[in-house]
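Structure, as structure tokens:
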């Protein structure tokens, strides 16, 4: 009897999980993250996508890409080796409609046309399916934008620094903290701007803490420049700096509850 009950509950859980899993053939998409062209800043091969993407990867992330970034960017870079549903306007279709309208010397109103991609994994083997939908589109429920997620109880941050114990033994990060402080001072002076608020979370009794930088006073372009500057300890200026190999990176903001955090004004 116990075995039968266990099998019943396991089947029920699997059924529920299957029923809430999203597919490109669905008529309603929930928790969709919209990425617009203005959300993106690029410098060389580095990107800042100013959209919060704190996903629970037990569920498939759903992205509506209205930015003109390629399908490959999202599937092979941003969500490399992860399941994803990617929705993107069929730009080639729209371009053909414009060309046809120009040829005819008139105006053609194209039907709303999107391409839905889904990458799944079966026994660690990936498969990408796609479907084009023209005309009536599935209903999409979008996530809040960054500004909408910032509340009295939440902060949006772009960068963190964590420090361990000041003794017994000392965390090596303490020995280079001054160099980070100098980099921040130099960055603020060069750009004639202050970074904005920072928040501290105490994590131990021997000086352990985490600093959350909101970069709230910076433009998107300045945020990317700052993140590039502190990436991988690049603020450690030395004669070999030009030989440091740094891989391209995609930066995104995150959110955290204010509870347990202390404001350290940097205005």
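Read-outs: derived from the displayed coordinates by stated rules, not from any lab. Here the structure is a predicted model, which means the values were calculated and not measured. Virtual Cβ from ideal backbone geometry, glycine too; neighbours counted across all protein chains shown.
What to note about this one:
- Modelled FRET efficiency - R0 51 Å, residue 94 with residue 258, Cβ distances, 0.05 increments: 0.75
- Shape category assigned to region 59-207 from the gyration tensor of Cα positions, a/c cut at 1.5: prolate
- Region 149-264 - percent relative contact order, Cα under 8 Å, separation 6 or more: 39
- Tensor-based shape of region 22-143 (alpha-carbon gyration tensor, a/c under 1.5 rounded, otherwise prolate or oblate): prolate
- Shape of region 149-264, Cα gyration tensor, a/c cut at 1.5: oblate
- The simple spin-label model puts a point 7 Å past each Cα toward its Cβ; for residue 125 and residue 193 those points are separated by 5.0 nm.
- Packing-based ranking, highest mean first, of 35-43, 71-79, 118-126, 218-226 given that Cβ atoms within 10 Å are counted: 218-226, 71-79, 35-43, 118-126
- Computed from the C-beta positions of residue 230 and residue 168, the FRET efficiency with R₀ = 22 Å rounds to 0.20.
- Under the criterion of Cα pairs below 8 Å and six or more residues apart, the relative contact order for region 22-143 equals 31 percent.
- Extension gain, residue 101 back to residue 70 (0.36 nm per residue minus Cα-Cα distance, nm): 8.6 nm
- Virtual spin-label span in nm between residue 132 and residue 179, 7 Å along Cα→Cβ: 5.4
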